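Here the structure comes first, spelled out in structure tokens, and everything after it is commentary.
Please treat every number below as a calculation from the coordinates, not as lab data. Everything numeric in this text was worked out from a predicted model, so none of it was measured. All Cβ positions, even for glycine, are placed from backbone atoms using ideal geometry, and neighbour counts span all protein chains on display.
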Amino acid sequence: MAFSSDTVAIFLAVLDHGSFSAAARALGRVPSAVSMAIAQLEAELDLQLFERSSREVRPTESARALEAEARQMAAQLRRLQAHALSLHQGLERRLTLAIAPELLSAAWSDPLARLAEEFPSLEVEVLSAPQADALRMLHDGAAQLALIYERTRVDERESFQELGSEMLVAVISPLHPLARERNGRFRLEDLVDMRQIAIVSRDAQAAGENIDERVLISRKVWRTDSHLATLRLVQAGLGWAYLPKRLAAPLLDSGELLGIGFAHMSNQVRLWVDVVWLNDRPLGLGATRLIALMKDIAGLEARPVED
């Protein structure tokens, strides 16, 4: 038997979870089956892969030497399975798109309108969730696609299509005491001790881990899961925030918000926007077509206007 799709999955699960029981839970098996499979694999390879103790197993140097190729093999198998399934995949009954709240003002509705014309029987569900939650929905199978900002780290389980960029602008209410005092002019270091309103995960643990450091400046942070809630708190003078320029522009023009002006840098942050899916799950016709439509519209918006 040695390495097969099954033993590779067991081998990697034990590596990732550190015990036979934890690996068994992740795989939906009993611990004795996992332990027996590893023992048989070691016997056939004539290698000790794990050192056993009462509570945990530790990978040997041999296991670490095999790890990279095992992960590559697992990824290739997932892609092969996804490809085989996609050959028989028709139009899905329902397409769920999870969108980060900051991107609700982005250009995603026009591609959906064209998709509805092409596939009138397709049910579409659009859910707004903080970026970490949108990705969790994707990995849990609650959504097929996620529209989010680029991440600083790449997840090998994911594929993505870049769709352009969104500009975030630092804003504050004219009702905020310091805004009146400083006439909207701040140094970056002034914001460190001012309350910032940030959109983060609804999960308490993830909330502390998934704030994008590119837009997190303050030590004092109030958290929301909605750009509209963030906007209301800013308008009430309770703090400052980075908001999408498309959303903030009318309020800046009317004077309901003030753009925070920095003496030595821009108050805007440009983040790239991606539509993300999992590469080991075959996409239906609807999801595949929506990605293409989003890409087309993003390409049109990116073209310069000719005189």
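Given 0.36 nm per residue, what is the gain on full extension from L216 to V192 after removing their alpha carbon distance, in nm?
Details: separation 24, 0.36 × 24 = 8.64 nm, distance 0.93 nm.
Full extension of this stretch gives 7.7 nm more.
So, with +1 on the Cβ of K and R and -1 on the Cβ of D and E, and no other charges, what is the size of the charge dipole of the range 1-127 about its Cα centre, to the nearest 20 debye?
Charge dipole of the range 1-127: 280 debye, to the nearest 20.
Take peptides 20-27, 231-238 and line them up by average Cβ neighbours within 10 Å, highest first, as a rough protection proxy.
In descending order of packing, they fall as 20-27, 231-238.
Highest mean first, what order results for 66-73, 276-283, 191-198 on Cβ atoms within 10 Å?
276-283, 191-198, 66-73
Can you list the HN-Hα couplings for the range 279-290, worked out from phi with the Karplus curve (6.51, -1.76, 1.60; θ = phi - 60°), rounded to whole Hz and with x for Gly and Pro?
Couplings: 7, 9, 10, x, 8, x, 4, x, 5, 4, 5, 5 Hz.
So what J values fall out for the range 10-18 if you push phi through Karplus, 6.51 cos²θ - 1.76 cosθ + 1.60 with θ = phi - 60°, rounded to Hz, Gly and Pro as x?
5, 4, 5, 5, 5, 4, 6, 9, x
Test of understanding: what is the full-extension gain from S53 to A236, defined as 0.36 nm times their sequence separation minus their Cα-Cα distance?
Stretched fully, the S53-A236 segment lengthens by 60.1 nm.
Based on the mean of other Cβ atoms within 10 Å per residue, sort peptides 131-137, 249-255 so the most packed one is first.
131-137, 249-255
Roughly how big is the chain's charge dipole about its Cα centre, with Cβ charges of +1 (Lys, Arg) and -1 (Asp, Glu), in debye to the nearest 20?
The dipole magnitude comes to about 780 debye.
Rounded, prolate or oblate, given the Cα gyration tensor of the range 65-166, with a/c below 1.5 counting as rounded? Don't jump to the answer; show the numbers that get you there.
On the way: a/c = 2.39, a/b = 1.36, b/c = 1.75.
Taking the square roots of the gyration eigenvalues as a ≥ b ≥ c, the range 65-166 is oblate.
Separation of the range 44-82 and the range 149-179 by C-alpha centroid, Å?
Going from one Cα centre to the other spans 37 Å.
So between L178 and H139, what do we pick up on full extension, going 0.36 nm a residue minus the alpha carbon distance?
Using 0.36 nm per residue and subtracting the Cα-Cα distance, I get 9.8 nm.
Given the options A107, V34, F11, identify the residue whose Cα lies farthest towards the positive end of the charge dipole of the chain (+1 on Cβ of Lys, Arg; -1 on Cβ of Asp, Glu).
A107
Run the helix sum for the chain: -39,500 (n - 2.57) per DSSP H stretch of 4+ residues, divided by residue count, reported at 222 nm to the nearest 500 deg cm²/dmol.
Details: 11 runs with 129 residues, N = 307.
Helix-only estimate at 222 nm: -13000 deg cm²/dmol.
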